[in-house]
Structure formats: C-alpha cells, structure tokens
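J.: Right, I'll just put the structure down here and ask away after.
The values are calculated or read from the model by the stated rules, or taken from the named source; none is laboratory data. These figures come from a predicted structure and were not determined experimentally. Cβ atoms come from the backbone with ideal geometry, glycine included; neighbour counts cover every protein chain shown. Side chains are part of the model used for accessible areas, which takes the heavy atoms of the whole protein and leaves out ligands, DNA and RNA. Shrake-Rupley method; radii C 1.70, N 1.55, O 1.52, S 1.80 Å.
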Amino acid sequence: MLRVEGLYSGYGRIEALHGIDIDVREGEIVALIGANGAGKTTLLMTICGNPRASAGRVTLAGEDITGLPTHLIARRGLAHSPEGRRIFPRMSVLENLRMGASIADPRHFKDDLDRVLGLFPRLGERLDQRGGTLSGGEQQMLAIGRALMSRPRLLLLDEPSLGLAPLVVRQIFEIIATINREQGVTVLLVEQNAFHALSLAHRAHVMVTGRIALSGSGAELLNNPEIRAHYLDGGAGGGAVSTS
Amino acid sequence: MEYFFQQVINGLTLGAIYGLIALGYTMVYGIIGMINFAHGEIYMLGAFISLVAFLVFSSISGGSVALALLAALLVTMVFTALWGWVVERMAYRPLRGAPRLAPLISAIGVSILLQNFVQIAQGARVKPLPPVIQGGVTLDLGAAFSLSISWLQIVIFVLTLTLMAGFTWMIARTSLGRAQRATEQDMKMAALLGVNVDRVVSATFVIGAALAGVAGMMVTLYYGVIDFYIGFLAGIKAFTAAVLGGIGSLPGAMLGGLLIGLTESLWSAYFSIQYKDVATFAILVGVLLFRPSGLLGRPDVEKV
Ligand SMILES: Nc1ncnc2c1ncn2[C@@H]1O[C@H](COP(=O)(O)OP(=O)(O)OP(=O)(O)O)[C@@H](O)[C@H]1O
Ligand SMILES: [Mg+2]
C-alpha cells in the first residue's frame, strides 16, 4: 500500500530524516514510535509532500507520489489526522467534516457523514458548534472523523492520544481498531503511547533521530527488553534505542 | 435636517462603492495575510475599462443605454478579474514564503506599472463621461422636507448590495467559499484535505478584482470623470474601510465602507471639502492606534 524508500527530508538546511525505509501493507495497522524530536511528524508530513523529500521515494499502491503537491497526494486516497489536530477553529463541526469530504463524491456525503457520526456520536450532538470550542478529546474525534470523510485507503494518524484522559485514549484506540477491521482502512499510526500502539498494531517501527532503529511485529516489540526499558515500564520517551 | 439626510444618502452611495473595494482588501488579507497594494489600481483599471467598453457598446447597441451598461459591466468584471489573476501570479505567488516585505514591494511595483500603463495608453488628462443615467425620485416627507435620490444612486445601491449579498452567500454556502475560509484558517491543513490552495488564492484575487472593477464602473458613472490616478486615493480609503471594519472581516469591510462614505460626505458638507481626505486618514490612524482589530474584527478567543 505505502512504501517509503531511502527518504531524506528536513527544514531548510536542517535534515530531520536520514534515509527512512518503511512499508505498510494493505489492511495493516503499522505503528511508529520514538522519542520527542525523532522525526515521526516530519516523516508523515513528508509522505504528504510538505516538506518535500530531498531524496528517496514514496509510493502509494505502486504509484510514485514523491514530489507531488500535497493536495494531489490527498486525492490519491491518503488522509491525514495531523499533529495538533488542526481543526478549523471558526468552522462548525459539520463544516469541518464537509472539508474532509472536499475531494469525495458529493453523492456519498450523507452516507459518509452517518458512518463517521456512528463512530463518534459525540460529534453528532455538536454539529453546529464551532471547532475551536470543542474539548481536546472532541477535537481529536473530529480530526479523525474529518480524515475519514474522504473514504481514504490509507489513514495517517499523528499522536491521536496526546493530551487525552486514559478513558478517552482507550475509546480512540478502539475506534482505530474498528476503522481498520470493519472499514478496511489501512493505518499508519504515530504514538508516544507505546503500549497501546504496539498492542494494536500488526507491525511497528521504532524511530531514533531520523532513522528507523528497529522493526518488528507489535507483539515482538512489546516483549523486546530494550523497548520495554525505554518506551514502556514508565520510561516512555526517556531515552533512545541505540541505532547500531 | 433635509440637508443632513441628503448628505447621508450621498455618503451611503459613496460608501457602498468603498465597501465593494474594501471586500477585496479584506478577503486577500484574510487568506494570505498581506495587503494587496495593487488593488486600488485594479479599481482604476475597472473605471477605464468600463468607460471604453460603454462607449464602444453604446455605439453598437443602437441606443439602448441599459444594454450598453450591462455589457460594459460584464466586460469590466471579466477584464479586472483577469488582472487580479495576473497580479497574484506575478507579484504574489512567486514570493510566497519569502519575507513579508518582498511581495508588498512587488505589489507596489505592479501598481506603478498599471498606473503608467493607463497613463500612456489613455493619456494623463481627465476623461469625462456625460451623464448616462439621469433623473431621479423626490420623496416628499411632509412640509418643506423632501429628499431627492437619483436613479443612478439607486442603481449603485441596488447593484452593490446585490453583489455583497451574493458574495456573502458564496463565502458562507458554496464549496469554494468553504475552501476559502478553510485556507484562511489553516492553509497547510486545507492542502492536506485535498484543497488546491493555489487555486483558492487565485480565485480570491479574481473575485476581489471583479468587485473592484464594478466599483470602478460605478464611480465613472457617478462622478463622470476619471483619471489614471484615482486608484491611489480610493485604494487608501477602501483600505481604511477594511481596517475600520476589522481587516479579515467581510461584514466589517461593508460596514467600514459605508462609514467612510458617510464620514466623507458629512465632513465635506459641514466642515471643509478640501480636508475630506484628511478625515479619512485621521480615522485610519485612530483605528490603528486605539482599536487595531477594528469594529467587527475577531478578538481571537479560540482555543486552537
Ligand atoms: N518547522 C520546523 N522547522 C525546523 N525544524 C523543525 C520543524 N519541525 C520539526 N523540526 C525539527 O525536526 C526534528 C524532528 O521533529 P518532528 O516534529 O518530526 O519530531 P517528532 O518525532 O514528531 O516529535 P514529537 O514526538 O515531539 O512530536 C526535530 O529536531 C525538530 O526540532
Ligand atoms: Mg510529532
């Protein structure tokens, strides 16, 4: 579904990704974990064409999308619920969802809306509320719901659990599993919450300062002592796995 | 009293025109966070295009003034819209992401270019247009109190209000309007959702320019004289209107336009006509000093 090969990227003269290789197969949930500043957000954004990759290749379902402008990448069926949620603050919940459906066939709108509101009933009660006044958890639901409105093949989720209460975190992860299982959406999930992410994911990659340090199935990484020490057992984000 | 109301009517007519220009400023500012300094010249260009188009069409339309006016209006909107597109492509798009001063300077460059182009093509002298729409209605409101409103004023008012209403509807209800608001609020996110941000920005310049073109035509009809230099003053006044209403706010631009028109007309009536422009600039300075967010500008209270 998604294949990233030798990807380099950064901001101006600062290089943040030093040759990333990952692949995400159809129907999978792949988790990407790593400490703050490892480059996880940069990787997701580079896949979406902003910033542009300085070297390497990104292919989506076999088609090269490296260097395409962001909006055309979105139109290939890649949806992004970005870091910080980026809800349009002065638009209503319904309008935010409509923006998510910008590239979808308008005839599907009603169905897609029902589907998303079925996943997130809270949003249904607040369709006319302005996005900027939603609670953090509601904004996260809206960000995911908005991404789903375009019927994506691949969903990129950047720290959907950030700043949420444990109960809401669990809800969000359950919904991600549902989306994947019942609606067949492939998911690439960036998380600080390594335990939840690894339990959910079929496979996972660990990122350290712009490189992939470790890859494996979710269960393997959950039981890997190094991972346990650094990202689980209360040591979340405290250190880094060595690259060697 | 009669005199006062008469001036109010004149002021509102003028203000409607300023409001139409102000919409373009405020819309472009909202979406790319920059003042389009070439906007006043687009309005001036609209005035000239409408003059030429009207003269051409009235000579071939066989005497139907209404038809000639309508055709001139359409031609004016099309050509100013085209210029709006050119300005964005030439002065703004290549410099997106450059330091903020750069596009301002290139926009000023474009406005000088347009001014000189019209000066050379049309000559520096004032161009007259004999009154096209004459007559009016007189409202008798009791003893010794009557107001006269010219047909032209009514045409200007109806046309500008219709355009403003249509425009407001477009922003609120259509998918282009929604994409414009989304782009204004978070350009990067809009792109992530598949919105072609470049196209949205272009459309914003184009629509703003077409509205300014209509304003140019209205002024040509209203005053009957134009020259290549009118864009500067009208531009600053409409800019003041946009700032007064709250830059970025569409209702604010319309309200600001009406208030500036009223100020100008009442000031000329009761104080001194020579200093009418000073009154506008005093408002600009005052708003910038004491209420930079303007009357309807948003106070920024969102969480995000
Ligand atoms: N806009 C930017 N300009 C310059 N440097 C940036 C920018 N955004 C990120 N960086 C740098 O790139 C590196 C990777 O950042 P990135 O946001 O991708 O990390 P992350 O893994 O998502 O971290 P977190 O878990 O904190 O979200 C960091 O060193 C960061 O300082
Ligand atoms: Mg991040």
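J.: Inside the range B:196-218, can you point out the residues that are within 14 Å of chain A (Cβ to nearest Cβ) and either among the β-branched types (Val, Ile, Thr) or buried (at least 24 other Cβ atoms within 10 Å of the Cβ) (or both)?
T.: Within the range B:196-218, B:Val197, B:Val200, B:Val201 meet the criteria.
J.: Right, something else. When you look at A:Ala53, is it more than 8 Å from ligand 1 (Cβ to nearest atom), at negative phi and either part of a strand (DSSP E or B) or within 14 Å of chain B (Cβ to nearest Cβ) (or both), yes or no?
T.: no
J.: Pull up the range B:67-85, narrow it to residues that are open to solvent by less than 30 Å² (accessible area, probe 1.4 Å) and touching a Gly at 6+ places or on another chain (Cβ under 8 Å), then point me to the one that is nearest to B:Val110 (Cα to Cα).
T.: Residue satisfying both the conditions and the ranking: B:Gly84.
J.: Here's another thing I want to ask about it. State which residue is surrounded by the fewest Cβ atoms within 10 Å (Cβ to Cβ) when the search covers only the range A:8-34 and only residues that are small (Gly, Ala, Ser), near ligand 1 (Cβ under 10 Å from one of its atoms) and more than 22 Å from A:Ile176 (Cβ to Cβ).
T.: Ranking the qualifying residues of the range A:8-34, first place goes to A:Gly12.
J.: Just for the range A:142-168: of the residues that are away from ligand 2 (no atom under 16 Å from the Cβ) and open to solvent by 10 Å² or more (accessible area, probe 1.4 Å), which one is nearest to the other protein chains (Cβ to nearest Cβ)?
T.: My answer is A:Ser150.
J.: Could I ask something else about it? Report, by residue number, each residue of the range B:1-28 that is at pLDDT below 90 and of a type in the set (Ser, Thr, Tyr).
T.: Across the range B:1-28, the qualifying residue is only B:Tyr3.
J.: State whether the residues of the range A:64-83 include one that is within 12 Å of chain B (Cβ to nearest Cβ), charged (D, E, K, R), surrounded by 15 or more Cβ atoms within 10 Å (Cβ to Cβ) and within 13 Å of ligand 2 (Cβ to nearest atom).
T.: Checked the range A:64-83: at least one residue is within 12 Å of chain B (Cβ to nearest Cβ), charged (D, E, K, R), surrounded by 15 or more Cβ atoms within 10 Å (Cβ to Cβ) and within 13 Å of ligand 2 (Cβ to nearest atom).
J.: Return a yes/no flag: does the range B:51-59 have any residue that is over 23 Å from B:Ile17 (Cβ atoms), open to solvent by 40 Å² or more (accessible area, probe 1.4 Å), of a type in the set (Ser, Thr, Tyr) and part of a helix (DSSP H, G or I).
T.: yes
J.: Please report, ordered by residue number, the helices (runs of 4 or more DSSP H) entirely within the range B:117-195 with at least 3 residues that are facing chain A (nearest Cβ under 10 Å).
T.: By residue number, B:175-185, B:187-192.
J.: Something else now. Taking A:Ala104 and the conditions (1) open to solvent by less than 40 Å² (accessible area, probe 1.4 Å); (2) more than 16 Å from ligand 2 (Cβ to nearest atom); (3) modelled with pLDDT of 95 or more, which numbered condition does it fall short on, given that it satisfies the others?
T.: Against the list (1) open to solvent by less than 40 Å² (accessible area, probe 1.4 Å); (2) more than 16 Å from ligand 2 (Cβ to nearest atom); (3) modelled with pLDDT of 95 or more, A:Ala104 comes up short only on (3).
J.: Determine whether the range A:12-32 contains at least one residue that is assigned to a strand (DSSP E or B), among the aliphatic types (A, V, I, L, M), out of contact with any Gly (no Cβ under 8 Å at 6 or more places or on another chain) and within 13 Å of ligand 2 (Cβ to nearest atom).
T.: For the range A:12-32, residues assigned to a strand (DSSP E or B), among the aliphatic types (A, V, I, L, M), out of contact with any Gly (no Cβ under 8 Å at 6 or more places or on another chain) and within 13 Å of ligand 2 (Cβ to nearest atom): present.
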